[in-house]
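Comments concern the structure below.
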Amino acid sequence: MDNNTYVVIMAGGIGSRFWPFSRTNYPKQFHDVLGIGESMLQTTAKRFADICPPENLFIVTNKDYEALVKEQLPELSDNQILLEPVGRNTAPCIAYASYKIAQLNPKANLVVTPADHVVLKQDVFTEVVKDALDAASKDDVLITLGITPSRPDTGYGYIQYIDEKNSKIKKVKTFTEKPNLELAQMFLDSGDFVWNSGIFIWNVQSILKAFHQHLPEITEVFEEGNSTFNTPQEQNFITRAYSQCRNVSIDYGIMEKVDNVYVLLADIGWSDLGTWNSLYTINDKDENGNVVDGDVMLYDTKDCIIKTPKNRLVVLQGLDDFIVAEYDNVLMICRKEEEQKVKEFVADAKSKKGSDYI
C-alpha cells in the first residue's frame with residue numbers, strides 16, 4: 001500500500017432526488033440505502049481499505065454533518081474530517097482537500113469520489129484505481145473513470161475519447177457535462193461516448209496547476225490559507241474562504257477546459273444511485289419485479305420500488321410501476337416514470353409545509 005495515496009470522499013450533498021428518504025438533516029449518504037447494514041458513507045470508506053492507509057482517508061462534508069461522520073466513522077481523527085461552512089459545489093470542495101493534503105504530502109496522489117455511489121465489482125474497482133494511480137504518479141494527467149452508458153441519461157457528463165489500442169488510459173477528445181436528452185441520445189447511438197463516473201484520480205500538483213490555470217480566483221482564495229491548513233486556525237480560514245468562492249463544479253471549471261484529461265474505462269458495476277429508478281435498477285427483484293425494503297404485504301402489485309420503515313406494516317394492492325417511499329413524517333407515492341417531479345415535490349413541500357418536511 002502506497003503512503004503517497006490519499007482518498008477524498010465528498011459527503012456534503014443533500015440528495016434531494018431521493019426525497020423523502022434523503023433529508024436536509026440526514027442525507028442519503030448517511031442512510032443504509034441498500035439494506036446491507038451500513039451507510040453509503042461507510043461502504044465507500046471500506047471500498048478503499050486496500051488502496052490507501054487509513055490515516056490517508058479524508059471526508060469533506062457540511063459542518064452540520066460532523067456528528068454523523070464521527071458516529072459512522074469513529075476511527076477518523078478530527079483532521080481527517082473537512083467541514084464546509086456552506087455548499088459551493090465540487091470545485092471548492094476539491095480545492096480545499098487538495099491544498100490541505102498538499103501541505104501534508106506534496107507528492108500525494110489523490111482519488112476523489114462521491115460518498116453515494118455503488119460499486120458492485122470491488123476487486124475490479126481496486127485494480128482499476130491502482131492502474132490510474134500508477135499513471136497519475138508518473139505523468140501530469142487528470143484521470144476519470146468512464147462507464148459504458150446504458151441509457152440516454154441527462155444527469156451525467158459524457159466523454160468522447162481517442163481509442164489508443166495499446167493503452168488502458170485513453171486521452172479525452174471531448175467532455176460534455178449533462179447534455180439535453182436529444183444530445184444524450186446521439187451520444188448513446190454513436191457508441192463513442194462513456195459516462196463520467198465522477199471518480200477522479202490525479203497527483204495533487206497536477207490538480208493544483210489546473211486550478212491555477214482555469215480557476216485562478218479559487219487558487220487565490222486557498223493559497224492565502226497555506227499556513228493554516230492542518231492547524232487549529234484552519235476552520236476559521238475555511239469559513240472566510242468559502243464566503244469568497246462561487247458555486248462551480250470541477251467538471252465545468254476544469255475538466256471541460258484542460259487538455260490533459262484522460263479516461264480509464266471501468267466495468268465496475270457502477271451506479272451513482274442518484275434517483276429512485278437507479279436504486280430500483282441495481283436491486284434484486286421479486287417474482288413480480290418489485291424491490292421491497294420494509295414490512296410489506298403485496299397484492300396484484302408489480303415493478304414497484306417500496307422502501308418503508310421496518311416497524312410499520314404496509315399493505316399495497318393494485319400498483320404497477322410506482323415508487324412508495326416513507327421516512328420520518330413523509331410518505332411519497334409516485335409513478336416511477338414521473339420521478340423527475342421529486343424535486344418539484346420537495347420545493348412545494350418546503351414552500352407550503354415548511355422545512356420540517358425537507
> Once amide H atoms are built 1.01 Å from N in the peptide plane, which residues 5 or more positions from TYR158, or in another chain, come under 5 Å H to H?
Replying inline: THR176, GLU177, LYS178, ASN196
>> Let me check against my output: what whole-number percent is the relative contact order of segment 175-253, with C-alpha pairs under 8 Å and at least 6 apart?
In response: 28
>> Residue by residue through segment 58-66, what is 3J(HN,Hα) from phi via Karplus (6.51 cos²θ - 1.76 cosθ + 1.60, θ = phi - 60°)? Round to whole Hz and write x for glycine and proline.
In response: 10, 10, 10, 8, 6, 4, 5, 9, 4
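Relative contact order for segment 124-179 using alpha-carbon pairs under 8 Å, separation at least 6, rounded to a whole percent?
The value is 27 percent.
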> For the charge dipole of the chain, defined by +1 on Lys and Arg C-beta atoms and -1 on Asp and Glu C-beta atoms about the Cα centroid, which residue among THR113, ASN196, GLN80 has the Cα displaced farthest towards the positive pole?
Replying inline: GLN80
>> How many angstrom lie between the Cα centre of segment 272-305 and the Cα centre of segment 1-52?
In response: 22
>> Report the Cα centroid-to-centroid distance between segment 321-346 and segment 79-123 in angstrom, as an integer.
In response: 31
> With springs only between Cα atoms under 10 Å, which of LYS165, LYS257, LYS341 fluctuates most in a Gaussian network model of the chain?
Replying inline: LYS165
>> Can you compute 3J(HN,Hα) from phi for each residue in segment 116-130, using the Karplus curve 6.51 cos²θ - 1.76 cosθ + 1.60 with θ = phi - 60°, rounded to whole Hz and x for Gly and Pro?
In response: 10, 9, 9, 10, 8, 10, 4, 4, 5, 4, 4, 5, 5, 5, 5
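Run the numbers on segment 163-316 and let me know its relative contact order in percent, using alpha-carbon pairs under 8 Å that are six or more apart. Present the calculation step by step, with values, prior to reporting the outcome.
Details: 119 pairs, mean separation 32.0, N = 154.
That works out to 21 percent.
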> What share of all Cα pairs of the chain, in percent, falls into each consecutive 10 Å distance bin?
Replying inline: 5, 23, 33, 25, 11, 2, 0
>> Between helix 90-104 and the chain, what is the angle of the helix's C-alpha long axis to the longest principal axis, kept within 0 to 90° and rounded to the nearest 10?
In response: 50
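Rounded, prolate or oblate: which fits segment 42-120 when a ≥ b ≥ c are the square roots of the eigenvalues of the alpha-carbon gyration tensor, with rounded for a/c under 1.5 and prolate only if a/b beats b/c? Walk me through the numbers before you get to the answer.
Details: a/c = 1.29, a/b = 1.02, b/c = 1.26.
Cα axes put segment 42-120 in the rounded bin.
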> So, with a 1.4 angstrom probe, what is the percent of accessible area on segment 270-358 that is carbon and sulfur?
Replying inline: 44
> Of GLN233, GLN29, GLN317, which has the largest mean-square fluctuation in a 10 Å C-alpha GNM of the chain?
Replying inline: GLN317
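For segment 54-124, with only Lys/Arg (+1) and Asp/Glu (-1) charged at the beta-carbon, what is the dipole magnitude about the Cα centre, in debye rounded to 20?
Numbers: 6 positive and 9 negative charges, 65 e Å.
Dipole size: approximately 320 debye.
Of the cross-linked pairs LYS171/LYS209; LYS178/LYS307; LYS302/LYS341; LYS70/LYS285; LYS46/LYS343; LYS285/LYS353, which ones have a Cα-Cα span greater than 26 Å in the structure shown?
Working: LYS171/LYS209 19 Å; LYS178/LYS307 28 Å; LYS302/LYS341 21 Å; LYS70/LYS285 34 Å; LYS46/LYS343 31 Å; LYS285/LYS353 35 Å.
In this structure, LYS178/LYS307; LYS70/LYS285; LYS46/LYS343; LYS285/LYS353 exceed 26 Å between Cα atoms.
For the chain, with only Lys/Arg (+1) and Asp/Glu (-1) charged at the beta-carbon, what is the dipole magnitude about the Cα centre, in debye rounded to 20? Don't skip to the end; give the middle numbers.
Numbers: 36 positive and 52 negative charges, 112 e Å.
Taking the Cα centre of the chain as origin, the dipole is about 540 debye.
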>> Through the Karplus equation 6.51 cos²θ - 1.76 cosθ + 1.60, θ set to phi - 60°, convert the phi angles of segment 180-187 into ³J(HN,Hα) values in whole Hz; use x for Gly and Pro.
In response: 6, 4, 4, 5, 4, 5, 4, 4
> Which of the aspartates and glutamates could be linked to LYS310 by a straight reach, that is with a Cα gap under 20 Å, when you skip same-chain ones fewer than 8 residues away?
Replying inline: ASP32, GLU38, ASP284, ASP286, ASP293, ASP295, GLU326, ASP328
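Once you charge only the Cβ atoms, +1 for Lys and Arg and -1 for Asp and Glu, what is the size of the charge dipole of segment 89-195 about its Cα centre, to the nearest 20 debye? Present the calculation step by step, with values, prior to reporting the outcome.
Details: 12 positive and 14 negative charges, 62 e Å.
Charge dipole, segment 89-195, about its Cα centre: 300 debye, nearest 20.
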>> Starting from the 7 Å offset along Cα-to-Cβ, what nm value, one decimal, do you get for the label separation of ASN3 and SER355?
In response: 4.5
> So what are the radius of gyration and Dmax for the Cα set of segment 170-214, in Å?
Replying inline: 13.8, 38
> Taking amide hydrogens as modeled 1.01 Å from N in the peptide plane, which residues meet the under 5 Å criterion relative to ARG23, leaving out close sequence neighbours?
Replying inline: LYS28
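Sorted by accessible area with a 1.4 angstrom probe, largest first, how do GLU84, GLU71, GLU217 fall? Don't jump to the answer; show the numbers that get you there.
Working: GLU84 15, GLU71 130, GLU217 70 Å².
Final ranking, largest accessible area leading: GLU71, GLU217, GLU84.
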>> Just to confirm, what accessible area per residue do you get for the chain at 1.4 Å probe, in whole Å²?
In response: 46
>> Using only the alpha-carbon atoms, how far is helix 342-353 inclined from the longest principal axis of the chain? Give it as 0 to 90 degrees, nearest 10.
In response: 80
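The values are calculated or read from the model by the stated rules, or taken from the named source; none is laboratory data. Keep in mind that what you see is a predicted model, and the values were worked out from it rather than measured. Glycine gets a Cβ as well: all are built from the backbone with ideal geometry, and neighbour counts include every protein chain shown. Only protein heavy atoms, including side chains, enter the accessible area calculation; ligands, DNA and RNA are left aside. Shrake-Rupley method; radii C 1.70, N 1.55, O 1.52, S 1.80 Å.
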